[in-house]
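In what follows, a single structure is set out as structure tokens and then discussed.
The values are calculated or read from the model by the stated rules, or taken from the named source; none is laboratory data. Quantities reported herein were computed from a predicted structural model and do not represent experimental measurements. Ideal geometry is used to build each Cβ from the backbone, glycine not excepted, and the neighbour counts take in all protein chains shown.
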Amino acid sequence: MRSSDSPAAAPTSTLAPTGRIDAVGLDRDVEAILSRLRRDADELQIIPIAGAGGIGKTTLARNVYHDPYLIVIDKFDIRAWVTVSQDYNFGNIFKNLLVSMKVFVKEDITRLSKEEMALKVHQTLTDRRYLIVIDDMWSTKAWDEIRSYFPNNSNRSRIILATRLKDVAAYVDSSQKFHEMQYLDDFQSLILLKKELCKGECRLPMLEAMENIATKIARSCGGLPLAIVVTAGLLSEVSETEADWEQIAANINLVITADEEKYAAILDLSYTNLPHHLRHCFLYMGAFPEDYEIRVSKLVKLWIAEDLVESTATKTPEEVAEVCLEDLVKRNLVLVTKGKSHGRIKSCGLHDLLRDLCLMRSLEENFLLTFMGSFFLPEIFATQLRISISHSNILAHIDGSTIHTIICYSHSSVDSLEKFRKLRILDMLNTSVPAQVLELRDLRFLVFSYSNAILESTSNLENLQTLIIYPNDASILVHFPLEIWKMPRLRHLISPSVHPLPHLDGAMSPSENLQTLSLATNFECSERMLKMIPNVKKLGICYFEEKFDRDFHLENLQRLEKLEKLKMEVCGDFCVRPSLNPVFPESLKKLTLSGWRRPWTDLSIVGSLPNLQVLKLRNYACYGSIWETSDGEFEELEFLLIDESNLEKWWTDSSHFPKLRSLVLQRCPSLMEIPDDIVYIPTLELIEIDGRNKSLLESAKSIQKEQETDYDNYRIQVRY
């Protein structure tokens, strides 16, 4: 489809939206951009794309970025993607470019200043042929600030820059005319509407019967792809009767005014037709900054803490929340920016125009105030229930008597929370808060940075559901008081170091509601400890070398019968871990091992797990040159990642991975080829390779070609 300008992920996001889109009306645009990319000029070329919000600039850039012939024939050494947005941050632009180029950047970039990150980008790009996409550029000032860090290597490097503003497009390269995108004509609009309505199921007979009404509706959307796909989402949720469709057509016709007002009104029509239980879920997404990568795991926790979703007789609150999100995605009101390795949604976002709708409606309904400035009138906060801000220092100047939700995105500190006694939600991940926060009895959701090593008390937080703490300094271990295990409603406890775990006594009751525990340091799987967390579904544990002489009783892990996700990280010098012999529960669906350094033969323990769908092997999780799989292993596995390994030979049979969809091989310099039998896996859709391993990349391309020519599998992608 030809869709709207989807955000690429995170503020100044790091990665291109995954994969190409079956586009309507974009063929000529794609060919025009590819032609400009392939011009003979050796000098660095800037290729500006201009067009209205929602017209498909990001979709165009995405399809060019993932064009298979561009990847195979033009062979850029580096491809990277960054989204800038209106409220851009110089440091974040280069930070996220470095993340996007992570294969070439080995050092810890979190310790670099913004100037050092910019210089690191310049250094990484120097003498390499690169393709950079800069999406959603809003000002010539931003371009002037970053332009000098992209070197002219005289090797046909290219930058694609997408913007809504024609003057910005003309400014970045005045030597040639920028590429201006056009609205869809009536025929293309109808094609896109039909594609969206048939997505996931065939409705052609119904569409043929109501062709005239569909044509009228498509024409009324004014050729803007975003308006068309959102309207299709609305139509897909009403009954397929002529009367209902006529009603939608009539409502759209009523909003035809000036172009910008018309498009805003069409989007608003989809909001007013949302079921009541979805309206506030949708509006809540306006709390996040423009082009922000909203992690679903966090969004779900927030919705639950705000009482926007509730459990049912058959579903937990988390399951209900995910159904609500999927419903918003089906209606094309929410964009999926990243998928999980087993097909569910990992992160999502809003198109800028839909975010504008969120902000407007939230103000009208006194649901949420999003304030991203620094100068303000305190009166505007007087009756607010929820606020989202970018500067925590304004909290000292406002009346907090009505506020029960604060979401802040600044890097700062808060001196006092005395005025905010009604707080239920406090999300200040980048902000240090006073110890006074532990006295807020109504808190349900608490996220903050911490500068001390010990939390003195959590006894007042009897309503807390989610506690996420990240220390300001990575060397700090957060020590939780014993009473943390007595909090009756706690569902999620997350910190880089949950340390130490309690000295348990028989008087303590199990934490029945706890679903997430991460990252537990030197976690001892005693029977008593596991009885304390009987319903945990997600567990992250980490072991340090100086403790390897202890017996952590990892054979008891199998007692966690509801555990679905396990991440086990081992830190220390390069050696085999003889004392760590886990026995995994059969309930596991996702397993991540890092630094395990066990022989590849030990993976037979993992391969026998009957429900395992995702396996990630990082940082020499297995050590050795040969991996040979056996019959009956990995029968449900859909996603396999090997990241950093000395593997040289991998012997397997397609029947050992019968459901594999995605294979990702990163930093495996000694592995020269993918096993031939991988080509016979009918479900395979993606092979992703470290671009520096040319031999492995050629092996992946060979598998892709054979899948296409011999098995008519054109779904398979090769990415690097």
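Among residues of region 278-289 that are under 9 Å from ARG355 (Cα atoms), those with a beta-carbon under 7 Å from a residue that is part of a helix (DSSP H, G or I) at least six positions away or on a different chain give the pairs LEU283/CYS358; LEU283/ARG361; LEU283/SER362; MET285/CYS358; GLY286/ARG355; GLY286/CYS358; GLY286/LEU359; GLY286/SER362.
Table: residues versus (1) farther than 25 Å from TYR292 by Cβ; (2) of a type in the set (A, V, I, L, M, F, W, C).
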{"residue": "VAL121", "(1), (2)": "no, yes"}
{"residue": "LEU125", "(1), (2)": "yes, yes"}
{"residue": "TYR130", "(1), (2)": "yes, no"}
{"residue": "ASP135", "(1), (2)": "no, no"}
{"residue": "ALA142", "(1), (2)": "no, yes"}
{"residue": "ILE146", "(1), (2)": "no, yes"}
{"residue": "ASN153", "(1), (2)": "yes, no"}
{"residue": "ILE159", "(1), (2)": "no, yes"}
{"residue": "ARG164", "(1), (2)": "no, no"}
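Looking across region 148-157, just one residue is at pLDDT below 95 and of a type outside the set (S, T, N, Q), and that is ARG156. Does LEU226 satisfy the criteria of being under 20 Å from ASP185 (Cα atoms), modelled with pLDDT under 80, outside any loop (DSSP other than H, G, I, E, B) and assigned by TED's automatic domain parsing to the domain that holds LEU190? Answer is no for this residue. Within region 355-394, the set of residues being among the small types (Gly, Ala, Ser) and either in a helix (DSSP H, G or I) or more than 25 Å from the chain's Cα centre (by Cα) (or both) comprises SER362, GLY373, SER374, ALA382, SER392.
Give me the residue from region 395-432 that is over 31 Å from the mean Cα position of the chain (by Cα) and assigned to a helix (DSSP H, G or I) and, out of that set, nearest to SER449 (Cα to Cα). Looking at the filtered set, the residue picked out is ALA396. No other residue among ILE394, ILE407 is of a type in the set (A, V, I, L, M) and free of Cβ contacts under 8 Å to residues at least 60 places away in the same chain apart from ILE394.
Among the residues of region 610-643, write down those that are assigned to a loop (DSSP other than H, G, I, E, B) and buried (at least 17 other Cβ atoms within 10 Å of the Cβ).
First, the residues of region 610-643 that are assigned to a loop (DSSP other than H, G, I, E, B): 610-613, 619-621, 624-625, 629-638.
LEU612, GLN613, TYR620, ALA621, GLY624, THR629, GLU633, PHE634, GLU635, LEU637, GLU638 - these are the residues of region 610-643 that are assigned to a loop (DSSP other than H, G, I, E, B) and buried (at least 17 other Cβ atoms within 10 Å of the Cβ).
Can you tell me which residues in region 441-451 are touching a residue at least 24 places away in the same chain (Cβ under 8 Å) and either assigned to a loop (DSSP other than H, G, I, E, B) or within 16 Å of SER410 (Cα to Cα) (or both)?
We begin by selecting, within region 441-451, every residue touching a residue at least 24 places away in the same chain (Cβ under 8 Å); these are 442, 444-445, 450-451.
Listed by number, the residues that qualify are ASP442, ARG444, TYR450, SER451.
Here ALA435 clears all of (1) over 31 Å from the mean Cα position of the chain (by Cα); (2) at pLDDT 90 or above; (3) of a type in the set (A, V, I, L, M, F, W, C) except the condition numbered (2). If PHE76 satisfies all but one of (1) out of contact with any Phe, Trp or Tyr (no Cβ under 7 Å at 6 or more places or on another chain); (2) at pLDDT below 90; (3) not acidic (Asp, Glu), what's the number of the condition it fails? Condition (1) is where PHE76 drops out.
Scanning region 312-347 for residues that are free of Cβ contacts under 8 Å to residues at least 60 places away in the same chain and touching a Ser or Thr at 6+ places or on another chain (Cβ under 7 Å) gives PRO317, VAL320. For region 694-710, the count of residues that are part of a loop (DSSP other than H, G, I, E, B) and either over 30 Å from GLY540 (Cα atoms) or in contact with a His (Cβ under 7 Å, 6 or more places away or on another chain) (or both) is zero.
Residue check: VAL718 meets all listed conditions (1) part of a helix (DSSP H, G or I); (2) in contact with a strand residue (DSSP E or B) (Cβ under 6 Å, 6 or more places away or on another chain) but one, namely (1). Being assigned by TED's automatic domain parsing to the domain that holds SER139 and free of Cβ contacts under 8 Å to residues at least 60 places away in the same chain is a description that applies to TYR69. Residues in region 489-511 that are modelled with pLDDT of 90 or more and not in a strand (DSSP E or B): ARG489, LEU490, ARG491.
Being touching an Asp or Glu at 6+ places or on another chain (Cβ under 8 Å), surrounded by fewer than 23 Cβ atoms within 10 Å (Cβ to Cβ) and not in a strand (DSSP E or B) is true of GLN86.
Scanning region 11-68 for residues that are buried (at least 24 other Cβ atoms within 10 Å of the Cβ) and at pLDDT below 85 returns THR12, SER13, PRO17.
When residues of region 132-157 are filtered for being surrounded by 22 or more Cβ atoms within 10 Å (Cβ to Cβ) and at negative phi, how many remain?
If we filter region 132-157 for residues that are surrounded by 22 or more Cβ atoms within 10 Å (Cβ to Cβ), which is where we start, we get 132-137, 157.
Filter again for at negative phi, leaving 132-135, 137, 157.
Going through region 132-157 one residue at a time, the tally reaches 6.
When we screen LYS57, LYS120 for residues that are under 25 Å from LEU357 (Cα atoms) and of a type outside the set (Gly, Ala, Ser), the only hit is LYS57. The condition (being modelled with pLDDT under 90, in a helix (DSSP H, G or I) and not acidic (Asp, Glu)) is satisfied by just one residue among LEU207, LEU190: LEU207. None of ILE674, ILE681, ILE687, ILE703 is at pLDDT 90 or above, touching a Pro at 6+ places or on another chain (Cβ under 9 Å) and buried (at least 16 other Cβ atoms within 10 Å of the Cβ) except ILE681.
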